[in-house]
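Beneath this line is the structure, given in structure tokens, with notes to follow.
Computed from the coordinates by the stated procedures, all read-outs in this text should not be read as laboratory data. Keep in mind it's a predicted model, so treat the numbers as computed, not measured. With ideal geometry, Cβ positions are generated from the backbone for all residues, glycine too; neighbour counts draw on all protein chains shown.
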Amino acid sequence: MTSADYLPFLIQALLAAAITGGVIGASHFFGQRSKNSKIKDSAYECGIPADGVVHTRFSVKFYLTALLFMLFDLEIVILVPWTFIYREFLANNIAILGPILFFLGVLILGLFYEIKKGALEWEK
């Protein structure tokens, strides 16, 4: 490969860096926290000052639910590409069904454990 083959990648990387730098720079110069900002201590999003506690504490159940969602979302990220390459592995006599069934088995055992412990029940 010649260096000309890398030119599109270089252009894309430079463009991404320029856009990122431009957005961060514009936020710094024109944003709410700039030195010359007249709205520095005012309400930012809706124009109404916040009443009460600004940062409320979330329940641990919220984080547990988010973590479980990410775990089972990761399962889909692994299973979808596996479905696309399954026939290619069969054509080359590579055993792929066993490892993926083991993977699914561990996830199903984890799901039953979560159900048994009540991790999926929002309110108790």
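So how do PHE112, PHE89 line up by other beta-carbon neighbours within 10 Å, fewest first?
PHE112, PHE89
Let me check I've understood the local charge: for THR65, count other residues with C-beta under 13 angstrom from its C-beta, Lys and Arg +1, Asp and Glu -1. What total comes out?
Once all neighbours under 13 Å are counted, the net charge is -3.
If I stretch the segment between LEU79 and HIS55 completely, what's the gain in nm (0.36 nm per residue apart, minus their alpha carbon distance), one decimal?
Length gained, LEU79 through HIS55: 4.8 nm.
What ranking do GLU123, GLU114, GLU88 get, fewest neighbouring Cβ atoms within 10 angstrom at the top?
GLU123, GLU88, GLU114
Can you tell me the convex hull volume per residue for region 60-117, based on C-alpha atoms, in Å³ to the nearest whole number?
So the per-residue Cα hull volume is 61 Å³.
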